[in-house]
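Colleague: The structure is given below, and queries will be raised subsequently.
The values are calculated or read from the model by the stated rules, or taken from the named source; none is laboratory data. Keep in mind the model is a prediction, meaning the values are calculated, not measured. All Cβ positions, glycine included, derive from the backbone under ideal geometry; neighbour counts span all protein chains shown.
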Amino acid sequence: MVQGSNSESAIKIAISGESEISNLSPAILGMIADFFKVLSEVSRLQIVCALKGGEKNVSEIIGITGLGQANVSKHLKLLTQAGIVTRTQQGVNVVYAIANPLVFSLCDLVCNSISAQLQQQNQHLESLKVFQQSF
């Protein structure tokens, strides 16, 4: 599993353009892959989205996501170990927050890319419909 500070540094280097991805070492590429592995699970993305509005405790995250308590706790542990989420004790409660808002920029990039792909596919389908109607 990726440790927070190392993964954040690797991702910042890769995204900032300070180093082209083709020039990164296999070790750094492995750290980047591990970071994305953590984000590659739907429940963890739901939790990240739930935290976009600010810090929340487990009960609040459960209420927003509809996930079970054991499931949320398991995923929060992984997100915390990866340095994506921070965990802070506040009295009897533990609150979680996004450690690095870069996560939302990455999600926006992916969403925009998927949206563009879907628009292109829709245009192809419309072209096929027009072609099909001409017969």
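Colleague: Given the criterion within 30 Å of Phe35 (Cβ to Cβ), touching a residue at least 12 places away in the same chain (Cβ under 8 Å) and not in a helix (DSSP H, G or I), identify the matching residue among Val103, Val94.
Modeller: Checking each option against the conditions leaves just Val94.
Colleague: Residues to consider are Ile61, Ile84, Ile47, Ile98; find the one that is modelled with pLDDT of 90 or more, in contact with a His (Cβ under 7 Å, 6 or more places away or on another chain), surrounded by 15 or more Cβ atoms within 10 Å (Cβ to Cβ) and β-branched (Val, Ile, Thr).
Modeller: Checking each option against the conditions leaves just Ile47.
Colleague: Considering each of Leu67, Leu118, Leu125 in turn, give the residue that is of a type in the set (A, V, I, L, M, F, W, C), out of contact with any strand residue (DSSP E or B) (no Cβ under 7 Å at 6 or more places or on another chain), more than 23 Å from Asp34 (Cα to Cα) and surrounded by 18 or more Cβ atoms within 10 Å (Cβ to Cβ).
Modeller: So the residue among Leu67, Leu118, Leu125 that is of a type in the set (A, V, I, L, M, F, W, C), out of contact with any strand residue (DSSP E or B) (no Cβ under 7 Å at 6 or more places or on another chain), more than 23 Å from Asp34 (Cα to Cα) and surrounded by 18 or more Cβ atoms within 10 Å (Cβ to Cβ) is Leu67.
Colleague: So which residues in segment 80-101 are touching a helix residue (DSSP H, G or I) at 6+ places or on another chain (Cβ under 9 Å) and of a type outside the set (Ser, Thr, Tyr), if there are any at all?
Modeller: Gln81, Ala82, Gly83, Ile84, Val85, Arg87, Asn93, Val94, Val95, Ile98, Ala99, Asn100
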